[in-house]
Amino acid sequence: MPQEETPSGILNRISSKATDSILRNALEKNLYPVLDQLSPTSKPRSQIIRSLRIVERDALAAAELLELINYDVHEKSLNEQVKALERDCQQDWHDGYEKQAEMMMKISKEVLRWLPNLWQVGVERGLEIQSVQKCLILCTTIIKQVARCRSRTEFGELDFSITIYNTDGNVVYEDRRYILQSIAWVWKELLVSVISKNGSSGDILANINRLELKEKVYDYLQKGDEETRPDGRHYWDAHWSENMKAVAIALLDERHQDRIKAFEKYFNFTLYQQILSEDPTLKDHLLQVTRRQMFQDKRLMVSSDYQRAAEIFKAESPDDLLNLYDALPGHMNTVETKKIIFNAFAESDIPALRAKALELIESGLKGAKRRVNDEVEIAFPYFGDAYDWLEMMIDDGKFTIKAPGDRKSRDPAIRNAIARREKMLEKFAEKAIGDPEREWEDPMDGYNSDDSGYRNRKQRAAPDLKEGILYWLEVLGNWKSREEAERVWDQVKEENTEDDGVGDYLFDVDGLADHLATVCDWSYRHNGVKQHVADGLRAMYKIFTCESIAKLDQKGYIPKTRSAGPGYNMISIRSMPKFD
C-alpha cells in the first residue's frame, strides 16, 4: 500500500526543485485562493493563521539577523583598522604601544559584537551557512593579523568579554579573555550543527584546517558529558541535541585515526602525546614506528628528526636513546640535539647512559672552544701569516714563547724585555688583522635597536661564546662523581697540546690570547663589534689552562646555580665567574 502524501512533503519537494519566484507564483495561483476560501469560523483556518503568524514572526526575526551580518560593512571597517594598526606599529613601535592596545581593543570588540549574530543565524536558525562561513573566515583572519602586528603590547594579555544568548534568552557561551577561542567555539558550533542536519560538513572543515584552527575547534568537542575541559575551560555544549553529541564523537574518532596515520608517516613528540592521551594502549606501536623510521627506513634525516626522536625516547625508552646517539651522523652533532639527548643521559641511573652523558660534555666543551677559535679567525683573518712572522722572530731570538718574567718585577732588564715583547704582540695583532687602520664593520649597521627582530639578529652576529663554554663547564663541575669529571677534563685539556690551528697558537704563546682579547675590547678602539670575541677568548684561555676541576672550582670559574625565595616565588640565581 503506497504511503499517503503529506502537505509538508509536497511543499519540500517543490521548494527543492523550484526557484523562489516560481514557487511564489505557483502558491499565489493555486494555494492562496484555497486557503482564503476557508470559512472564517472554521478550525482549519484558525490553525493555519496561527501557524502562519509564527512563521511570520520567525521569518522577520531571521531577516533582521541577516541584516546584522552586513559582511561588506564589517570587511571594510576591520581591514581599514588593521592596516592603521600595522602602520602605527611600524612607525611607532617603541612608544606607541598604549595607542596600539586601544586599536587592538576596538577591532576585537567589533568582532565580538558580531559573533552572537553569526551564531544565531548560522547555528540556531541554520540559515545562510556560506555567508556565516565567509564572516567567520574574516573574523579569524583579522584577529590573527592583530595578534602578529608586532606591537610591544602583547595581544594575548588583553582582556575581552563575550556572551552569546539563544532566542530563549539562555546563555550558550561566555568568555572573558581569549578571543580566538571564542571564534573557534563558533566554528565548532557551525561544524557540528551542519553535519547533524545534512550529514556532511561541506567545506566548513576544510576552512577550519586552512585557518589552522582545527585543534582549537576540536578542543571544544568531547565524548562524555563533562562541563569543563582538562584545561579548565568550559565546553559550552549543554544546549546540544543527542544528534549533535553523536557528531562530536564521530569527529573525535576520525581525528584520532588521522593522528595515527600522520604519526606513522612522520612522527613527532606532540602527536605522540596526543595519541597516547586518547589511547594509552598504543604506546608500543608508536615507539615501534619511531624506531623503524629512525633506524630502518632509508631516507634522508635532518637534525630536527633526531631531536623529535630524542624527545620521544627520553620520555619512554632510554635504551633507544642510546641507539639514537650512536646513529647520530657527525654533521648533525648540533648543540640543540646534544642538549636534548644529554639531559636524558645525565638524569639516568643506567651506567651506559651516564657514560654517554660524559662523552657529550667532553664534546660540548671541545666544540665551545672551537667556536671561539672560529670567531678569532674571522676577527683576525691573517692570523696564520702573523704567526709565520712570529715564528721567524722566535727563530731569530727576537721573541720568546714564554714571558721573560713577572710584570710586577722591579728588575729593569725584565721590565724592558716585557715591554719589547708587548710591542711584538701588538705588531702580531696588526698583522693578523691585515691592516693597522682597519675597523671592524658592524653587522648591525642599518638596523634599528627598537626593531622587534633586532635582538635575535644581534645574537647571531655576536654569539655568547663565553656562555657556550660555561654551560658545559657547570654541568661537569656539578657531576656527581668528581673522579669521572676529572677524567673528562683531562681529555678536554689534552686538546690544548694538539695541532688544531689557531687554538694551538693561543695556548702556546704566553699573553697572545690576552692581547688579542684586549684588541677586541670596546675600550681599545671604542669599537665593540668584537667584544664577544674578547669575552670568549679570556674565558677560554683561563678555563682551559686550569689543570683540574678542583683548580677551576678554586678559582671560581665554575658557575653556581641556587634556588632562593619562598614557595611559588622560588627563583634560580646563577653566579657567573669573571675573567677580566
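The values are calculated or read from the model by the stated rules, or taken from the named source; none is laboratory data. Bear in mind the structure is a predicted one, so any value in this text is a computation, not a measurement. Here the Cβ is made from the backbone with ideal geometry for all residues, glycine too, and neighbour counts use every protein chain on show.
Just a few scattered comments:
- Residue check for residue 76: surrounded by fewer than 12 Cβ atoms within 10 Å (Cβ to Cβ) and within 21 Å of residue 114 (Cβ to Cβ): yes
- Single unsatisfied condition, residue 145 versus (1) more than 23 Å from the chain's Cα centre (by Cα); (2) assigned to a helix (DSSP H, G or I); (3) of a type outside the set (Val, Ile, Thr): (1)
- Selected residue (criterion: surrounded by the most Cβ atoms within 10 Å (Cβ to Cβ)) from residues of the range 226-264 that are of a type in the set (Lys, Arg) and under 30 Å from the mean Cα position of the chain (by Cα): 259
- Elements of type helices (runs of 4 or more DSSP H) in the range 26-103, at least 1 residues being in contact (Cβ under 8 Å) with a residue 24 or more places away in the chain and closer than 30 Å to residue 152 by Cα: 71-91
- Within the set 461, 417, the sole residue that is loosely packed, with under 14 Cβ neighbours inside 10 Å and among the hydrophobic types (A, V, I, L, M, F, W, C) turns out to be 461.
- Of residues in the range 165-189 being surrounded by fewer than 24 Cβ atoms within 10 Å (Cβ to Cβ) and among the aliphatic types (A, V, I, L, M), the one farthest from residue 121 (Cα to Cα): 180
- Top-ranked residue of the range 14-29 - restricted to ones that are within 17 Å of residue 52 (Cβ to Cβ) and over 60 Å from the mean Cα position of the chain (by Cα), ranked as surrounded by the fewest Cβ atoms within 10 Å (Cβ to Cβ): 28
- Just one of (1) among the aromatic types (Phe, Trp, Tyr); (2) within 30 Å of residue 164 (Cβ to Cβ); (3) not assigned by TED's automatic domain parsing to the domain that holds residue 188 fails for residue 119. It is (3).
- Any hit, the range 281-289, residues being in a helix (DSSP H, G or I), more than 30 Å from residue 356 (Cα to Cα) and assigned by TED's automatic domain parsing to the domain that holds residue 131: no
- Apart from one condition, residue 271 fits all of (1) without any contact (Cβ under 8 Å) to a residue 24 or more places away in the chain; (2) buried (at least 18 other Cβ atoms within 10 Å of the Cβ); (3) assigned to a loop (DSSP other than H, G, I, E, B); the exception is (3).
- The residue that is nearest to residue 458 (Cα to Cα), counting only those in the range 508-520 that are surrounded by 19 or more Cβ atoms within 10 Å (Cβ to Cβ) and without any contact (Cβ under 8 Å) to a residue 60 or more places away in the chain, is 517.
- Just so you know, in the range 523-534 the residues that are free of Cβ contacts under 8 Å to residues at least 12 places away in the same chain and over 35 Å from the mean Cα position of the chain (by Cα) include one that is surrounded by the fewest Cβ atoms within 10 Å (Cβ to Cβ), and it is 526.
- Residue in the range 79-96 that is at pLDDT below 95, more than 26 Å from the chain's Cα centre (by Cα) and within 22 Å of residue 172 (Cα to Cα) present: no
- Residue among 246, 309, 250, 262 that is modelled with pLDDT under 90 and part of a helix (DSSP H, G or I): 309
- Evaluation of residue 290 against (1) within 22 Å of residue 215 (Cα to Cα); (2) crowded, with 19+ Cβ neighbours inside 10 Å; (3) at pLDDT 90 or above (one fails), failing number: (1)
- Some residue of the range 384-402 being in the same structural domain as residue 513 (by TED's automatic domain parsing), free of Cβ contacts under 8 Å to residues at least 12 places away in the same chain and polar (S, T, N, Q): no
- All conditions in (1) over 26 Å from residue 132 (Cα atoms); (2) surrounded by fewer than 14 Cβ atoms within 10 Å (Cβ to Cβ); (3) modelled with pLDDT under 80 hold for residue 38, with the sole exception of (2).
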